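Everything on this sheet refers to the single structure shown next.
The values are calculated or read from the model by the stated rules, or taken from the named source; none is laboratory data. What you see is a predicted model, and the numbers here were worked out from it, not measured in a lab. Here the Cβ positions follow ideal geometry from the backbone for every residue, glycine too, while neighbour counts run over all protein chains shown.
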Amino acid sequence: MDQRRPLIAGNWKMNGLVADGVALAEALVERSRRHPGLPPDAAAEVPPDVPAALPCDVLVCPPFTLVDRVLQTVSGTKIAVGGQDCHAEASGARTGDVSAEMLKDLGCRYVIVGHSERRADHGEDDRTVRLKAEAALRAGLIAIVCVGETEAERDAGQTEAVVARQIAGSVPAAATPETVVVAYEPVWAIGTGKTATPAEAQAVHARIRAELNALLGSDAAARMRILYGGSVKPGNAAELLGQPDIDGALVGGASLKAEDFWGIVGAAK
């Protein structure tokens with residue numbers, strides 16, 4: 001774990017008009033300027049022109065309509081901004097799509113690819129996800145590649161087989177710990193209030209690391225960050241993040257409340 005700095009990533013999904021997004025980003029900036037671990041009303045501010053050291057890497061992924069405004073709001077802090085998806089192509093007749101190069105041009109550092117909602121709602125398969133991840137690498141973004149099983153697959157005892165297949169098919173051959181993060185998000189735990197137990201999550205993360213070892217080699221597998229996603233909240237974050245192969249969290253609903261999201265950030269010590 002010493003080789004892997006934790007990453008707490010907030011996926012705002014399709015939520016927030018401009019005023020909402022700016023207000024949430026401002027609330028996160030305010031918290032980022034205080035010493036980690038202190039409550040929001042603590043009187044221990046760092047100078048406003050000196051970004052506070054954070055206990056982990058912090059990322060927010062707003063809807064495309066908010067990316068530019070959020071980037072402006074968090075400028076000068078340690079908070080990074082990413083996109084929720086990208087197209088595999090750099091440009092062209094792709095109405096409604098956004099390229100990795102466009103996100104990079106705005107100032108994004110990361111992009112999520114293969115989220116279960118994209119796989120389910122838009123029919124994205126492993127090959128599509130891999131092409132998008134390769135596009136992210138081409139543009140100089142860090143790809144967060146999502147994998148995870150459905151409740152039916154879990155009930156059938158197929159969790160590890162499904163995740164292994166998705167890793168093999170979705171992670172680019174050129175992936176490195178500097179360019180790719182993997183996120184394990186059991187579909188049955190997303191937005192349901194259900195959460196894998198720390199032991200269950202650790203078992204799957206360990207299998208993912210073994211698959212990365214087979215795909216990329218032992219050094220890359222040992223250094224690549226694997227996040228857990230699925231109803232992560234301040235109350236369960238510390239125990240989840242305390243597992244040896246869990247290197248952070250991909251946070252959904254809790255990322256829309258600054259206090260809850262920052263509580264998860266504070267658990268990543």
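Can you tell me which residue in segment 2-21 is nearest to ASP68 (Cα to Cα), limited to those that are surrounded by fewer than 17 Cβ atoms within 10 Å (Cβ to Cβ) and over 17 Å from the mean Cα position of the chain (by Cα)?
VAL18
Sort out which residues of segment 176-192 are of a type in the set (A, V, I, L, M) and farther than 19 Å from ALA221 by Cβ, and write them in order of number.
Passing the criteria: VAL187, ALA189, ILE190.
Identify, please: which residue in segment 202-230 is within 12 Å of GLY148 (Cα to Cα) and in contact with a Ser or Thr (Cβ under 8 Å, 6 or more places away or on another chain) and is, among those, surrounded by the fewest Cβ atoms within 10 Å (Cβ to Cβ)?
Top of the filtered list is VAL204.
Please go through segment 67-104 and give me each residue that is acidic (Asp, Glu) and out of contact with any Ser or Thr (no Cβ under 9 Å at 6 or more places or on another chain), ordered by number.
Selection gives ASP68, ASP85, ASP97.
Of all residues in segment 69-82, which are closer than 16 Å to ASN15 by Cα and within 19 Å of the chain's Cα centre (by Cα)?
Passing the criteria: VAL70, VAL81, GLY82.
Being assigned to a helix (DSSP H, G or I) and surrounded by 16 or more Cβ atoms within 10 Å (Cβ to Cβ) is the filter here, so list the residues in segment 236-254 that pass it.
ASN236, ALA237, LEU240, LEU241, GLY253, ALA254
Restricted to segment 48-72, and to residues that are in a loop (DSSP other than H, G, I, E, B) and at pLDDT 95 or above, which residue is surrounded by the most Cβ atoms within 10 Å (Cβ to Cβ)?
PRO62
Do we find a residue being closer than 22 Å to SER32 by Cα and surrounded by 20 or more Cβ atoms within 10 Å (Cβ to Cβ) anywhere in segment 86-107?
No, that holds for no residue.
Let's see how each residue does on (1) in contact (Cβ under 8 Å) with a residue 60 or more places away in the chain; (2) out of contact with any strand residue (DSSP E or B) (no Cβ under 7 Å at 6 or more places or on another chain); (3) among the acidic types (Asp, Glu):
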residue: VAL111; (1), (2), (3): no, no, no
residue: GLU117; (1), (2), (3): yes, yes, yes
residue: GLU124; (1), (2), (3): no, yes, yes
residue: ALA136; (1), (2), (3): no, no, no
residue: LEU141; (1), (2), (3): no, no, no
residue: ALA156; (1), (2), (3): no, yes, no
residue: ILE167; (1), (2), (3): no, no, no
residue: VAL171; (1), (2), (3): no, no, no
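Looking at this structure, is ASP85 touching a residue at least 40 places away in the same chain (Cβ under 8 Å) and farther than 20 Å from TRP12 by Cα?
Against the criterion (touching a residue at least 40 places away in the same chain (Cβ under 8 Å) and farther than 20 Å from TRP12 by Cα), ASP85 does not qualify.
Anything in segment 93-128 that is in a helix (DSSP H, G or I), more than 21 Å from ALA174 (Cα to Cα) and of a type in the set (A, V, I, L, M, F, W, C)? List them, or say none.
Of everything in segment 93-128, those that are in a helix (DSSP H, G or I), more than 21 Å from ALA174 (Cα to Cα) and of a type in the set (A, V, I, L, M, F, W, C) turn out to be MET102, LEU106, ALA120.
Can you tell me which residue is farthest from LEU137 (Cα to Cα) among those in segment 173-201 that are surrounded by fewer than 23 Cβ atoms within 10 Å (Cβ to Cβ) and touching a strand residue (DSSP E or B) at 6+ places or on another chain (Cβ under 8 Å)?
My answer is GLU178.
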